[in-house]
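Below: one structure, written as structure tokens.
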Amino acid sequence: MWSWEVAVDVLPLLLKGLWVTVQAVFWGMLLALTLGMAWALLRRSPRRLIAWPAHAMVEFVRSTPLLLQLYFLYYFVLPGVGLRAEPLTTGVVALGLHFSAYTAEVYRAGIEAVPRAQWDASKALNLNTWQTYRHVILPQAIPPVIPALGNYLIAMFKETPLLSAITVVEMLQRALNFGSVHFRYLEPLTLVGVLFLIVSLLSGAVVRLLERRLPVQFA
């Protein structure tokens, strides 16, 4: 039976976990968007020694589970190079790296959708590669892919419970800890589901706002 008393007791604990989740997603998505753009541009390099490693990296990250990447980063990779990062920091790096492989493909699709005439016009204007991407290609490539990037933002929220594997006490882990102590799981797990739904809806609203602010402008 549902108990409002238990729900009120556990809610502050879950909100603390939600703050951890939001931090992980915010910084992880920022890293994913930045790295994803880097992978996408490197893959388009005419030099194979640059394009092939970037392609291999994207395919490797996309083809391996996030949980496995978390374990390797936290227990092997970072300690192996003499770094002992906090669990949350490692989780942010893992989320950012993992989702950067997907955002790279989204960016690549947007860039390739830009009409070839835009590239030819940039070349005719004697723009270098950096100027072409910055002033011509990316302003046209990014707006159409914002909905796809938004999907990965919501997906990242749903992947954050995996961070508990490296001792990050996020929202779901706090609910499970509460349940194991008080033998009440219905209220904390239900509230976790509601909170995830709320942040997902808010994220979707932000994405739709960006869509309206950045309309598609193919010349």
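The values are calculated or read from the model by the stated rules, or taken from the named source; none is laboratory data. These numbers were taken from a predicted model, which means no experiment stands behind them. Neighbour counts run over all protein chains shown; Cβ positions are idealised from the backbone, glycine included.
A few notes on this one:
- In the range 85-97, the residues that are out of contact with any helix residue (DSSP H, G or I) (no Cβ under 7 Å at 6 or more places or on another chain) and not in a helix (DSSP H, G or I): 86
- Any pair with Cβ under 8 angstrom, 6 or more apart, that starts in the range 88-101 at a residue that is in contact (Cβ under 8 Å) with a residue 12 or more places away in the chain and within 16 Å of residue 75 (Cα to Cα) and ends at one that is aromatic (Phe, Trp, Tyr) and surrounded by fewer than 22 Cβ atoms within 10 Å (Cβ to Cβ): 92/27
- Test: residue in the range 40-51 that is surrounded by fewer than 16 Cβ atoms within 10 Å (Cβ to Cβ) and touching a Ser or Thr at 6+ places or on another chain (Cβ under 6 Å): yes
- Members of the range 177-192 that are surrounded by 12 or more Cβ atoms within 10 Å (Cβ to Cβ) and either without any contact (Cβ under 8 Å) to a residue 40 or more places away in the chain or not in a loop (DSSP other than H, G, I, E, B) (or both): 177, 178, 179, 182, 185, 186, 187, 188, 189, 190, 191, 192
- Tabulated pairs, the range 124-147, first small (Gly, Ala, Ser), second part of a helix (DSSP H, G or I), C-beta under 6 angstrom, 6+ apart or interchain: 141/110; 141/111
- Note on the range 110-141: among residues that are in a helix (DSSP H, G or I) and among the small types (Gly, Ala, Ser), the one that is nearest to residue 39 (Cα to Cα) is 110.
- Filter result for residue 151 (of a type in the set (S, T, N, Q) and either crowded, with 18+ Cβ neighbours inside 10 Å or within 23 Å of residue 62 (Cα to Cα) (or both)): yes
- Verdict on residue 54 being touching a helix residue (DSSP H, G or I) at 6+ places or on another chain (Cβ under 8 Å), more than 30 Å from residue 141 (Cβ to Cβ) and of a type in the set (A, V, I, L, M, F, W, C): no
- Residue within the range 163-176 that is more than 21 Å from the chain's Cα centre (by Cα), part of a helix (DSSP H, G or I), modelled with pLDDT of 90 or more and surrounded by fewer than 19 Cβ atoms within 10 Å (Cβ to Cβ) present: yes
- Of all residues in the range 1-32 being farther than 22 Å from residue 201 by Cβ and of a type in the set (A, V, I, L, M, F, W, C), the one that is modelled with the highest pLDDT: 31
- Number of residues in the range 147-165 that are among the aliphatic types (A, V, I, L, M) and touching an Asp or Glu at 6+ places or on another chain (Cβ under 7 Å): the value is 1.
- Selection status of residue 152, in contact with a Pro (Cβ under 8 Å, 6 or more places away or on another chain), within 21 Å of residue 31 (Cα to Cα) and assigned to a helix (DSSP H, G or I): no
- Of the helices (runs of 4 or more DSSP H) lying entirely inside the range 1-76, those containing at least 2 residues that are touching a residue at least 60 places away in the same chain (Cβ under 8 Å) and touching a Leu at 6+ places or on another chain (Cβ under 8 Å) span 4-43, 66-72.
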